[in-house]
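One structure below.
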Amino acid sequence: MKSVERERDGTGDTAHDQECYRCDRDVAPARLFRLVSEPPAALSHDYQTAERFCCPDCAAAMNLSEFSERLKAHARRG
Ligand SMILES: [Zn+2]
């Protein structure tokens, strides 16, 4: 069984991240989506801000990707 968290214990040291945290696919750093989960102030005692990197496919699967206005305009025309 493979843990998504691996040995990273939330120290925030993600400088060498080059793979999607969901599917473990190797992705060029320039093509990784950065997901930041920032807790509301009321929960900041219990949670800390988390940062993950994922590939465009997974971002789309989670409905977290948003196409640029340029692409949207193009789609609307078609
Ligand atoms: Zn992925």
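Residues satisfying the criterion are present in segment 42-54 (criterion: more than 20 Å from Q18 (Cβ to Cβ) and of a type in the set (G, A, S)). Does segment 63-71 contain any residue that is over 14 Å from R22 (Cβ atoms), outside any loop (DSSP other than H, G, I, E, B) and at pLDDT below 90? Yes, the conditions are met somewhere in segment 63-71.
Could you please let me know if A42 is exposed (fewer than 12 other Cβ atoms within 10 Å of the Cβ), away from the ligand (no atom under 16 Å from the Cβ), at pLDDT below 90 and of a type outside the set (D, E)? The answer is no for A42.
The values are calculated or read from the model by the stated rules, or taken from the named source; none is laboratory data. Model, not experiment: these values are computed from the prediction. So basically every Cβ, Gly included, is an ideal-geometry build from the backbone, and we count neighbours across all protein chains shown.
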